[in-house]
Every structure is written in C-alpha cells, then in structure tokens.
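The values are calculated or read from the model by the stated rules, or taken from the named source; none is laboratory data. Note that the coordinates shown come from a computational prediction; the quantities given were computed from them, not determined experimentally. For neighbour counting, all protein chains shown are included, and Cβ atoms are generated from backbone atoms with ideal geometry for every residue, glycine included.
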C-alpha cells in the first residue's frame, strides 16, 4: 500500500478510536513508524487528512444510495440501504460525533459538507421515488420530502444521541451494535408509509433491529 | 436585578450571539461594566455560569411539558407544547449548537444532561399518553416509544442541521423563523398517528409551519 493511503487509513483508525481532537499528526506518524517530515510530504496538515477522509466518506455514501435504473427496486435492496449507510457511519464515526467542531475549523469542509448533504438528500429522494414505483411505500410528495429531512437528521445525529443522552446506559461507549440500533428508529419513522411486502415484513424487521 | 442574575442573563445573550467558545468571563464582565473580580465573586468559572444557565433551561423545558392531571388534554394545549419547546430552544440556542463540546468540557454538565434527557423523554411519554387518552393520537406503545426518541433527536439536532446542512441556503444564520421551521418536521413525523380534531386541523398546521 502507498504511504499516502497508509496515512489515511491509520488516521481514520486513530480518529475513530480516540477522537479527532486528541490525535496530532505526530501521533499518526509515530503509529505508522514514519517521520513527521514524511507525513508532511503527503499532507500539509491534519485538516488536509480530515478533508481527504471526508471525500472518501462522501463517495461511499453516494455509492450506497445508488438506484437501479433498468428495473424496479426490490425489498431486499431497500433493507440494503440501511445496512450500507450505517456501515459507513460506523467506518467514519469520528466525523459525526464531533461534526460541529470539524466544520468550524475548516471552511473548505464546511462548504463541501453542505454540498454533500444536498447530494445525499437528492439521492434519497430518487430512492424513495423508486420505492413508490415499486409499491413498497405509499406516501405523498410532502410526506417524502419531510421524511428525507427527518431521516437525514436522525442518521447523522444518532451517534451523538447515543453518547450524549445516556439512553442506553450511564457510561456508554459507542459500539457498532448501538450505532446499528439507529436503523430501528428509521424503520419506525418509515413504518406508517410501508405497503405490500415491506409492510408484511415489518414485524420481523422491528424484532431484528429492536434489540 | 441582582448582580448574579445580571451575569447569567448577559452571558446567555453573549453565548447565543457569538457562540460560547468566543466569549470569556472578561467579555462578560466588560459587557456588564463590572470588574472581573466581582464576576468571580459570583461564579468561579465560565463552566459554572454555563452550568447555571443549563439548570434554568432544564427547568423551563420540564415545565413546558407538564400535563394537566385533572382533565383531558386539548388540541390547543398539544400545539402549545411545540411552541413553548421551540421558544426554549431559541432562548438557549447556544446549548444545542455546540453540545458535544460543552459536554466534553464539563463532566458535571455531562451527567446532568443525561438526567435531563431521561426526564424530558419520560415527561414526553406522559404527554403522549394524555394525547392517546384524549383520542388525538392513535398509536401503539411501540410507536410512541420510538416516536419520543425520534422527536427528541429532531428537536435537539435541528439547530445544528440548519447551520451544517445548508438546507435553507448557503451562508445561513440561525434565525427564530428557521428554528421554528423544526416544528413542521415534528408535525410531519407525528402526522400518521393523528386522529379526530388533530387530524382535521393537520392541513392548516402544515401550511402554518411549512413556510
């Protein structure tokens, strides 16, 4: 693997584990057993590294929400969206745990994050249109528009909620299981609009994600 | 007004306007035309001031969610909850715009915030039970439990969403109008469960809060 990619991977790992604020470029260089000079050859600053990681995250998220254009979307694909989105949230969990701070520190990230939010919500709209066409969801235009905003907020705020609210216990650490519990909340939000196979399978789904 | 109360009021005003991070105890003292020594006589630190403000916020929020225990709840009271909660959010908007940071800086606030989250969600549960009893809402126990968590997340994350996502435009500043737009999102979330008067009035409500 190229040094540049090794730096990105190790940084992501350290940010996720210890929080971005407590990790310096020196920590990253030390963990990779390279000199700080070598790191600075590839990235001018920690902000540079964070921005590159964000671009990878953005790309995975937009990919995760792609819609087949040659056929009707299936129930299994519908569930697949939740799974892959929450997998991405876990892989890049440092981003949403402290987003306000990251956006404040970097005007470039702030601008890109806004484009990202718009892109993902536009993509989610295509997904919901495909779900309506497949008759898995029955909802008005207004319902869909509001639901997309609500799902975006729930999804991007879930990690902070788990940690700040103590909803799952006093000294909670964000685990993959707790993060995935957010899928349950999205399913409940969507539940009133489901129909056909999606509605029939709802009780099983609530059981599967509710524990 | 007592100096102690003047310090709290002015701090809240400055935190809301400029963000808590850029305001020091010296700024607060200067804005009140008192000496830093006088300020320190009342509060040992900025953290002390923030914590006191949080206690006032907590108190208003719990008050805002009180349920009449001698009679059935009315539709007008139901709408009143949204109004008073979002008014509190506006009055204390610095808290939720940078909550992660505040909780990280103060273990005392972190512990109290968790108790607060639990208290408000328990209170919201009583409100929804009263709404079910008044036949304004028709929902299962599971629906209500999930809805309360979703509404909590939406409400407490709305200010960050407005600022970070650029949903309402490129260089957005949080205004009271944009904050109140969050009420629309909560109404849409609740919509599938409404019945009787609450359902009949829904179209008007969506129009009123949707602009």
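Where helices (runs of 4 or more DSSP H) fall entirely within region A:1-111, those with at least 3 residues that are surrounded by 15 or more Cβ atoms within 10 Å (Cβ to Cβ) are at A:3-18, A:25-32, A:46-64, A:75-91, A:93-97, A:99-105.
Scanning region A:122-131 turns up no residue that is within 11 Å of chain B (Cβ to nearest Cβ) and part of a helix (DSSP H, G or I). Would you mind stating whether residue A:100 is more than 28 Å from residue A:126 (Cβ to Cβ) and at pLDDT 95 or above? Criteria not met by residue A:100.
The residues of region B:132-150 that are more than 10 Å from chain A (Cβ to nearest Cβ), out of contact with any strand residue (DSSP E or B) (no Cβ under 9 Å at 6 or more places or on another chain) and either within 18 Å of residue B:61 (Cβ to Cβ) or crowded, with 21+ Cβ neighbours inside 10 Å (or both) amount to a single one, B:148.
Does residue B:125 count as over 30 Å from residue A:122 (Cα atoms), surrounded by fewer than 19 Cβ atoms within 10 Å (Cβ to Cβ), modelled with pLDDT under 90 and touching a helix residue (DSSP H, G or I) at 6+ places or on another chain (Cβ under 9 Å)? Against the criterion (over 30 Å from residue A:122 (Cα atoms), surrounded by fewer than 19 Cβ atoms within 10 Å (Cβ to Cβ), modelled with pLDDT under 90 and touching a helix residue (DSSP H, G or I) at 6+ places or on another chain (Cβ under 9 Å)), residue B:125 does not qualify.
Within the set A:153, A:79, A:73, the sole residue that is farther than 25 Å from residue B:149 by Cα and in contact with a helix residue (DSSP H, G or I) (Cβ under 9 Å, 6 or more places away or on another chain) turns out to be A:73.
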